[in-house]
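What follows is a short report on a single structure.
The values are calculated or read from the model by the stated rules, or taken from the named source; none is laboratory data. The model shown is predicted, which means the values in this text are computed figures rather than measured ones. Backbone-built Cβ (ideal geometry, glycine too); neighbour counts: all protein chains shown. What goes into the accessible areas is simple: the full protein's heavy atoms, side chains included, and nothing from ligands, DNA or RNA. Shrake-Rupley method; radii C 1.70, N 1.55, O 1.52, S 1.80 Å.
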Amino acid sequence: MGPLLTILRRLLLPFSWLYGFITDWRNSLYDRGLTPVTSFDLPVISMGNLTVGGTGKTPHLEYLIRLLSPSFVLATLSRGYGRRTRGFRIATNQDTAETLGDEPLQVYQKFGKTVRVTVGEKRAEAIPNIRSAFPEVGAILLDDAYQHRAVQPRVNLLLTDYNHPFYTDHPFPAGNLRERRNGAERADAIIVSKCPPTLTDQERQQIQQKILPYAKAPVFFSGIRYGQPVAVHTNTQATGKVVLVSGLARPELFEAYAQRQFAVGQHLAFGDHYAYTPKDWQRIEQVWQQNGRGWVLTTEKDAVKLKTLVPPDFPLFVVPIEVYFLESNPLNFDEWLLERSGLHVKKA
């Protein structure tokens with residue numbers, strides 16, 4: 001953080017205190033039962049964060065899908081950030097990022113044959129719609145719903161980025177928190193995401209001690225594993241310099257991975273959930289030409305929007321990522337989640 005930004009954030013601290021007071025007041029209405037909360041008789045697993053973006057929610061959602069879908073019929077429910085539709089919607093083959101949102105569309109394209117993917121701003125109203133449309137669903141995964149207090153989940157998972165932990169941050173506008181740090185006390189478990197594989201036991205203990213004043217929940221540590229780039233269109237090759245294209249809240253890890261693996265010419269970093277236009281594609285193609293007409297690498301979230309703009313002979317590649325949990329003692333995340341959610345009995 002540069003000195004000017006540090007000074008600016010200090011000047012904004014009084015506004016952060018006001019914002020934190022407002023979110024505390026809102027949470028107190030739910031805590032005291034003055035604002036209604038709905039619970040359901042099937043497992044609802046919620047995942048979210050205190051920070052505005054950048055903690056890796058979608059890869060963790062996909063981890064839960066891979067863990068649970070072989071044994072249970074799942075539905076996912078998210079707000080569908082960035083879509084131009086409203087209300088409850090069930091994903092179909094006709095959907096685009098504009099009708100569904102980029103991350104739900106990514107999940108649908110990867111898991112739509114086995115998982116019911118839905119979006120809806122009002123989760124308490126959407127869940128009955130899911131149960132009516134899909135009576136076979138045995139569990140619902142809520143994406144980015146930590147602040148959505150209208151639903152009482154059976155399991156509430158809080159993610160925090162190893163590189164930007166919530167306990168060092170402040171509420172908006174001086175920081176990036178959606179509410180004050182004490183909001184972590186609602187979590188049933190905290191996942192420290194994007195950890196390096198070399199994380200030591202001593203570092204884990206230090207992080208746990210810093211979390212402890214805000215939450216007494218178990219703490220797990222996860223990392224990100226990159227796969228081999230995959231061509232969006234066939235008959236294209238990844239040769240020469242690569243141009244990176246991303247629309248992420250924090251693109252640093254993506255760029256660092258590419259720098260380690262390939263000859264990177266340039267990185268075009270757009271805003272999180274960026275909606276690409278034909279004009280943006282012209283810019284990307286121009287930069288690609290300036291860097292020797294090699295290839296372009298993007299993320300899964302960006303690929304669902306870019307591939308509709310790209311000619312079939314263009315060398316656009318996407319890098320898949322997966323979450324993995326660092327070995328933990330005494331608790332194993334998979335075993336803990338199955339037990340805590342009541343999903344430890346497999347279906348016939």
Subject >> Considering residues of the stretch 108-147 that are crowded, with 18+ Cβ neighbours inside 10 Å and among the acidic types (Asp, Glu) only, the residue nearest to Asp272 (Cα to Cα) >> reply: Asp144
Original post:
Scanning for something in contact with a strand residue (DSSP E or B) (Cβ under 8 Å, 6 or more places away or on another chain) and part of a loop (DSSP other than H, G, I, E, B), does the stretch 62-70 turn up at least one residue?
Top reply: no
**OP:** Mind listing just one residue for me: the one in the stretch 218-234 that is hydrophobic (A, V, I, L, M, F, W, C) and touching a Phe, Trp or Tyr at 6+ places or on another chain (Cβ under 6 Å) and, of those, most open to solvent (accessible area, probe 1.4 Å)?
**Re:** Ala231
**OP:** Give just the number: which of (1) out of contact with any strand residue (DSSP E or B) (no Cβ under 8 Å at 6 or more places or on another chain); (2) part of a strand (DSSP E or B); (3) among the hydroxyl-bearing types (Ser, Thr, Tyr) does Ser222 not satisfy?
**Re:** (1)
Original post:
Can you tell me which residues in the stretch 99-111 are at pLDDT below 95 and over 18 Å from the mean Cα position of the chain (by Cα)?
Top reply: none
**OP:** Please specify each residue of the stretch 302-323 satisfying the condition of being open to solvent by 20 Å² or more (accessible area, probe 1.4 Å) and either in a helix (DSSP H, G or I) or touching a Gly at 6+ places or on another chain (Cβ under 6 Å) (or both).
**Re:** Lys305, Pro320
Original post:
Quick one: which of Ala150, Ala184 is buried (at least 21 other Cβ atoms within 10 Å of the Cβ) and either closer than 12 Å to Gly48 by Cβ or over 19 Å from the mean Cα position of the chain (by Cα) (or both)?
Top reply: Ala184
Original post:
Restricting to the stretch 153-174, what's the tally of residues that are of a type outside the set (Val, Ile, Thr) and open to solvent by less than 10 Å² (accessible area, probe 1.4 Å)?
Top reply: 6
Subject >> Tally, over the stretch 89-107, of residues that are surrounded by fewer than 23 Cβ atoms within 10 Å (Cβ to Cβ), without any contact (Cβ under 8 Å) to a residue 40 or more places away in the chain and in a helix (DSSP H, G or I) >> reply: 1
Original post:
Tally time: how many residues in the stretch 101-155 are closer than 28 Å to Ala303 by Cα and hydrophobic (A, V, I, L, M, F, W, C)?
Top reply: 12
Original post:
Do you know which residues across the stretch 264-291 are touching a strand residue (DSSP E or B) at 6+ places or on another chain (Cβ under 7 Å), surrounded by fewer than 19 Cβ atoms within 10 Å (Cβ to Cβ) and over 29 Å from His60 (Cα atoms)?
Top reply: Gly265, Val287, Asn291
**OP:** Give the residues of the stretch 18-73 that are of a type in the set (D, E, K, R), modelled with pLDDT under 95 and crowded, with 18+ Cβ neighbours inside 10 Å, sorted by residue number.
**Re:** Lys57
Original post:
Tell me, which residue of the stretch 235-263 that is open to solvent by less than 50 Å² (accessible area, probe 1.4 Å) and of a type in the set (Ser, Thr, Tyr) is farthest from Gly80 (Cα to Cα)?
Top reply: Thr236
Original post:
Can you find a residue in the stretch 274-293 that is within 23 Å of the chain's Cα centre (by Cα) and either within 21 Å of Ile224 (Cβ to Cβ) or basic (Lys, Arg) (or both)?
Top reply: yes
Subject >> Among (1) of a type outside the set (A, V, I, L, M, F, W, C); (2) over 18 Å from the mean Cα position of the chain (by Cα); (3) closer than 15 Å to Val245 by Cα - the single one Lys301 does not satisfy >> reply: (2)
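Could you grab me the full set of residues in the stretch 120-155 that are free of Cβ contacts under 8 Å to residues at least 60 places away in the same chain and of a type in the set (A, V, I, L, M, F, W, C)?
We begin by selecting, within the stretch 120-155, every residue free of Cβ contacts under 8 Å to residues at least 60 places away in the same chain; these are 120-123, 125-126, 128-130, 132-133, 135.
Once the filter is applied, which keeps residues that are free of Cβ contacts under 8 Å to residues at least 60 places away in the same chain and of a type in the set (A, V, I, L, M, F, W, C), the stretch 120-155 yields Ala126, Ile130, Ala133.
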Subject >> Selection from the stretch 152-200 of residues that are small (Gly, Ala, Ser) and modelled with pLDDT of 95 or more >> reply: Gly183, Ala184, Ala187, Ala189, Ser193
Original post:
Would you pick out the residues in the stretch 1-34 that are closer than 25 Å to Leu159 by Cα and part of a loop (DSSP other than H, G, I, E, B)?
Top reply: Met1
**OP:** Inspect the stretch 132-145 for any residue being among the hydroxyl-bearing types (Ser, Thr, Tyr), in a helix (DSSP H, G or I) and under 29 Å from Asn163 (Cβ atoms) and give the result as yes or no.
**Re:** no
